[in-house]
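The values are calculated or read from the model by the stated rules, or taken from the named source; none is laboratory data. None of these values were measured; they are calculated from a predicted model. Glycine gets a Cβ as well: all are built from the backbone with ideal geometry, and neighbour counts include every protein chain shown. Surface areas here come from the heavy atoms of the whole protein model, side chains and all, with no ligands, DNA or RNA. Shrake-Rupley method; radii C 1.70, N 1.55, O 1.52, S 1.80 Å.
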Amino acid sequence: MRLRTAAPPFDPLEETVSVDVHHVVQGPRDAPLLVLSGSLGSTLQMWRPQIDALSQDFRVVAYDTRGHGGSPVPAGPYSLADLGGDVLRLLDRLGAERAHFAGLSLGGMTGMWLAARAPERIDRLALLCTAPHLEPDGWRRRAETVRDEGTGAVADGVVQRWFTPGYAEREPGVAERMRAMVAGTPAEGYAGCCAAIQHMDLRPDLPRVAAPTLVVAGADDPATPPEHAERIAAAVPHARLHRVDGAHLASWESADAVTGLLRTHFGGGDDTPTTTEKNR
């Protein structure tokens, strides 16, 4: 029997009212459930390169984070407890006791919170281009900018961090589509999620993550550079680290590599490394 560090599903100080997030479901009804959680400023379409392929083996659930896409936009600010609570509510709506979970950037932060605070609900975990803690002042300033000027004011800068210059030049249609996605995000939703990142510190939670964990870093990611992934992989007991080419939005720029890594990890085909192997 595997022992794990006990953690309450919620800190009483973090209890919040969850919302019904917009989601799509694709794949066989009897397949393992896999939830995909996206980046700040994105809709579930950021997982479009993976959904069709992964839904051959999994029942894939992609959703819009609160304040994004087709999901409700409650008044902010939000916390990671809000975002994690929305996922737990989604699992309850789907009648799922447990699920695999993959999150990129803000989605990865949500995944770390879930795996530490509701470990009985998370089977396997994948954390892509994310961090357990970021400098807070930049997120406070970004929220202020968005509330004053709208999300269009930050869209160009966001997409410049999402893709390397070479990829943006080769795929101008993708870059423009993603810029429009960011600019179309409700200001309150975007700023509310900025607050969740501003006040986030998941570093004490990482040793409590019991789920087998895949950590993916973008080699040229300026938003969450690879050292963040290295810290996560070193702190999570059952984690393995991979680097892929490209910048922050690895689900597009390194689509084939990401799809392959997720399929292998959630299929149980990779061996969990020892601590020595992780830090080698």
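Add +1 for every Lys or Arg and -1 for every Asp or Glu among the other residues with Cβ under 12 Å from the Cβ of residue 259, and state the total.
On the way: positive: 48, 263; negative: 52, 57, 256.
Summing Lys/Arg as +1 and Asp/Glu as -1 gives -1.
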Inset, instruction - Quick one: what are the phi-derived ³J(HN,Hα) couplings along region 257-264, Karplus 6.51/-1.76/1.60 with θ = phi - 60°, whole Hz, x for glycine and proline? - result: 5, 5, 4, x, 5, 5, 4, 5
Legend entry - Residues whose placed amide H lies under 5 Å from that of residue 124, excluding near-sequence neighbours: 100, 101
Legend entry - Shape of region 48-95, Cα gyration tensor, a/c cut at 1.5: prolate
Inset, instruction - List the residues whose amide H sits under 5 Å from the amide H of residue 243, counting only those 5 or more places along or on another chain, with H placed 1.01 Å from N in the peptide plane. - result: 217
Legend entry - Additional length obtainable on full extension of the chain from residue 180 to residue 26, 0.36 nm per residue less Cα span: 52.9 nm
Inset, instruction - Give a residue-ordered list of calculated ³J(HN,Hα) values for region 243-253 (Karplus: 6.51 cos²θ - 1.76 cosθ + 1.60, θ = phi - 60°; whole Hz; x for Gly, Pro). - result: 10, 10, 5, x, 9, 7, 8, 5, 5, 9, 5
Inset, instruction - Compute the accessible area per residue over the chain, keeping the other protein chains in place, probe 1.4 Å, unit Å². - result: 42 Å²
Inset, instruction - Could you run the Karplus curve 6.51 cos²θ - 1.76 cosθ + 1.60 with θ = phi - 60° over region 125-141 and give me ³J(HN,Hα) per residue in whole Hz, x for Gly and Pro? - result: 10, 10, 10, 10, 6, 9, 8, x, 7, 9, 4, x, 4, x, 6, 4, 5
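Taking all protein chains in place and a 1.4 Å probe, what share, in percent, of the accessible surface of the chain do carbon and sulfur account for? Spell out each step's value before the answer.
Working: 5720 of 11730 Å².
Here carbon and sulfur together make up 49 percent of the probe-accessible area.
Where does the longest stretch of the chain lie that holds no GluC sites (Glu not before Pro) found in a DSSP loop with 15 or fewer other Cβ atoms within 10 Å?
Formally, the longest exposed-site-free interval is 98-280.
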Legend entry - Share, in percent, of DSSP beta bridges within region 16-162 that are antiparallel, nearest 5: 25 percent
Inset, instruction - Would you please state the base-10 log of I(q)/I(0) at q = 0.16, 0.22, 0.26 1/Å for region 75-125, with intensities from the Debye formula using one equal scatterer on every alpha carbon? - result: -0.41, -0.75, -1.01
